[in-house]
Amino acid sequence: MHVGLATGFAHQRGDSYSDTQFIREEVENLVLAEELGFDSVWITEHHFTDYSMSNDPLQLLTYIAGRTKRVKLGTQVIIAPWRDPVRLAEAIINLDIISGGRAILGFGGGLSPDEFHGLRVDQNKSRALYNDVLDMVIPAIETGILEGETETISQPRVELRPRPFKSFEGRKFCGSLSGTSMFAAARHGFGNMVLMLPQRGKEAAPDKYIEVWQEVHGPGSRPPAPMVSGNFYIDESAEFAEVQGHKYLANTMRAAVKNYSLDKPGTFANIKGYENYENMTMPPEAVEEYSQNFGQGAVTGTPQMMIERMWELKEAYKPQGFFPHLYFGGMPQEEALKNMHLFAEKVLPEVKSWEAEVSIDDRFLEAAE
């Protein structure tokens, strides 16, 4: 079983804590992950707030590639509508070359109106842009040729140099499984990222994506096995772990509500393709209770409790790997390091020993032959 480490670069420590120090600590934690035995590291993409201070996962992962030798490098996720297809394809290829073929790709569609506005992208065109960007980029990172003519993008045929290093088959995932994005994911052969994200509410049923996949690829066909994430807090004291895990995840949720404008009813009612998110908005006075309730969704407990819960997730989702968040919500650096070391020492060996029906690691082994 593949086990990685993810971070949302969730600051939430207030303006008195330097952004510079925070970013450097987050990156060093991901570099340390290789030494601790994790198989991969994963970085999100967000802009403009302390909810998630990771504005370019491909750039950060390229730096980490130069500091590591073995660990795989995942994006959780690249927001396709915010990216120019040429520059995105080039950055992906560069990361894969520099890292020796260690890149794992995850894509999403974006939600925050403030992020769309700040990046000068019309959110009403987001669904179309998502499809159009991926329809150009995914073939391009296989063939080295990028072109396309759509209502949103007019891209002349270009040959990318440097050319792609090797195929991304089997190492492409989608973290935005709603509406038309599921069909785009299926068309391009993406696996599902099972993410417990604040903007998604309750997690989708394990078979939701399978239904769409079979509609695209035919009855009886199966998508790649998913990767499973979530927010985990581990401690030798179950009671302490529960209190701390709930507190930090509530901190992240509080920041998320603001980032996604979920505290502003009426925001999504007239944004094309996002109308359903209006059902998730709430009046400002409801945010605290909502955040506290969401915080209870953290996976917390002793090492043995962590193993037992991950086994339950394994049986429910049949994943090819996990990539838990072990620090989040403004957690102090010393506490983040404690979580990482304890998980690596007492949980990681057991979970990595489990059999997976399909493993992303097999794809890397095949490519190396």
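The values are calculated or read from the model by the stated rules, or taken from the named source; none is laboratory data. Keep in mind that what you see is a predicted model, and the values were worked out from it rather than measured. As a convention, Cβ positions derive from the backbone with ideal geometry for all residues, glycine included, and neighbour counts pool all protein chains shown. We work out accessible area using only protein heavy atoms, side chains counted, and drop any ligands, DNA or RNA first. Shrake-Rupley method; radii C 1.70, N 1.55, O 1.52, S 1.80 Å.
Shown here for the range 1-82: trypsin sites (Lys or Arg not before Pro) in loop regions (DSSP other than H, G, I, E, B) with at most 11 other Cβ atoms within 10 Å, namely 69. Ellipticity at 222 nm from helices only: DSSP H runs of n ≥ 4 in the chain, each -39500 (n - 2.57), divided by the residue count, give -13500 deg cm²/dmol. Relative to its Kirkwood radius, the Cα radius of gyration of the chain gives an Rg/Rh of 0.94. To the nearest 10, the accessible area of residue 35 is 150 Å² with a 1.4 Å probe.
Of 349, 324, 283, the residue with the greatest mean-square motion in the GNM of the chain, using alpha carbon springs below 10 Å, is 283. The loop-placed chymotrypsin sites (Phe, Trp or Tyr not before Pro) in the range 287-369, going by DSSP, that have at most 15 neighbouring Cβ atoms within 10 Å of their Cβ come out as 354.
The share of accessible area on the chain that comes from carbon and sulfur is 50 percent, using a 1.4 angstrom probe. In percent, rounded to a whole number, the relative contact order of the chain is 20, using alpha-carbon pairs under 8 Å and six or more apart.
Extending 7 Å from Cα along the Cβ direction at residue 358 and again at residue 287 yields two label points whose distance is 4.1 nm.
Coordinate range of the alpha-carbon atoms in the range 62-219 per principal axis, descending: 39, 37, 37 Å. Pairs from the table (125/172; 318/346; 166/346; 172/314; 72/208) lying more than 31 angstrom apart at Cα are 166/346. On a per residue basis, the chain carries 43 Å² of accessible surface, using protein heavy atoms and a 1.4 Å probe. Running a GNM on the chain with Cα contacts under 10 Å, which residue among 11, 46, 341 ends up with the highest mean-square fluctuation? Looking only at 11, 46, 341, the biggest GNM fluctuation is shown by 341. Taking all protein chains as they are arranged and a probe of 1.4 Å, the heavy atoms of residue 28 leave approximately 80 Å² accessible to solvent.
Rank 182, 253, 305 by mean-square fluctuation in a GNM of the chain with C-alpha springs under 10 angstrom and give only the top-ranked residue. Most flexible of the set in this elastic network: 305. Among beta bridges identified by DSSP and lying wholly in the chain, the antiparallel ones come to about 10 percent. Taking label positions 7 Å along the Cα-Cβ direction at both residue 166 and residue 147, the computed distance is 2.9 nm, reported to one decimal.
Reducing the range 325-342 and the range 66-118 to their Cα centroids gives an inter-centroid distance of 24 Å.
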